[in-house]
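One structure below.
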Amino acid sequence: RKEVEQDPGPFNVPEGATVAFNCTYSNSASQSFFWYRQDCRKEPKLLMSVYSSGNEDGRFTAQLNRASQYISLLIRDSKLSDSATYLCAVKSRGYQKVTFGTGTKLQVIP
Amino acid sequence: DAGVTQSPTHLIKTRGQQVTLRCSPKSGHDTVSWYQQALGQGPQFIFQYYEEEERQRGNFPDRFSGHQFPNYSSELNVNALLLGDSALYLCASSLFPGQNYEQYFGPGTRLTVT
């Protein structure tokens, strides 16, 4: 089983739609969780950290479910500019290594 | 605020050659991590440097080595290049250990091995 797994998509959604991505992780000692956005042939950009209580940043909401070992990202009112690949990343306690999923591709359609 | 910078942007090398990639961390950061991203994959952790020492290493052979300088900048060296080393090489900077361990990536170096 991969350490971090994501549905590669693509998710094709119309503008204005709400879309959600999940990311599962296998190491129960995982401590820190992140969502990154990566545009084609560009570097990943930190979208948000994911906190135990869940957190929101504008149209984006991140949730953590430790019992089921997954994190989620909800995007409301999708914009064309949201089209990108969304990577989840996980860091385990006591280690410096951050493990990334393969990413979920989102395409927002006019 | 200076972000993470990397050089060169692109590089073409031949099998068996050696390559050196460079990274300067974001202002105020002291830790540099290197990642390899193959097409269609997520970034794979190579190693991390803090206080001029390698702190942790991923599943990469000894052909991959690095260095960190007193000004926190870093180099990634790859010897005896293989075709499979063709990838985007990303440098990420952060604070060590950092409560949230948020990393910020540079634009990457795209390496092509022919």
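Read-outs throughout are calculated quantities, based only on the coordinates presented, and are distinct from any laboratory measurement. Since the structure is predicted, the reported quantities are computational estimates derived from the model, not experimental observations. Every residue, glycine as well, gets a Cβ built from its backbone with ideal geometry; the counts of neighbours run over all protein chains shown.
Values computed for the structure shown
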quantity: DSSP-defined beta bridges in the protein assembly as shown - what % are antiparallel, rounded to 5; calculated: 90
quantity: Principal axis box of chain A, alpha-carbon based, largest edge first, Å; calculated: 44, 30, 22
quantity: Bins of 10 Å from zero: percent of alpha-carbon pairs in chain B; calculated: 15, 50, 29, 5, 0
quantity: Neighbourhood net charge (11 Å Cβ-Cβ; Lys/Arg +1, Asp/Glu -1) for A:ARG59; calculated: -2
quantity: Number of partner chain Cβ atoms within 10 Å, mean per residue of A:48-55; calculated: 1
quantity: Packing-based order for B:43-51, A:75-83, using average beta carbon neighbours within 10 Å, highest first; calculated: B:43-51, A:75-83
quantity: Per-selection Rg to Rh, the protein assembly as shown - Cα, Kirkwood hydrodynamic radius; calculated: 0.97
quantity: By average C-beta atoms within 10 angstrom, highest first, the peptides A:99-108, B:11-20; calculated: A:99-108, B:11-20
quantity: All Cα pairs of the range B:48-114, percent lying beyond 15 Å; calculated: 60
quantity: Chain B - share of DSSP beta bridges that are antiparallel (%, nearest 5); calculated: 90
quantity: Inter-chain shielding of A:90-101 (mean C-beta neighbours from other protein chains, 10 Å cut-off); calculated: 5
quantity: Net dipole in debye of the protein assembly as shown [+1 Lys, Arg Cβ; -1 Asp, Glu Cβ; about Cα centre; nearest 20]; calculated: 440
quantity: Restraint check, A:LYS42/A:LYS79; A:LYS91/B:LYS13; A:LYS45/A:LYS97; A:LYS97/B:LYS26; A:LYS2/A:LYS79, Cα-Cα greater than 21 Å; calculated: A:LYS91/B:LYS13; A:LYS2/A:LYS79
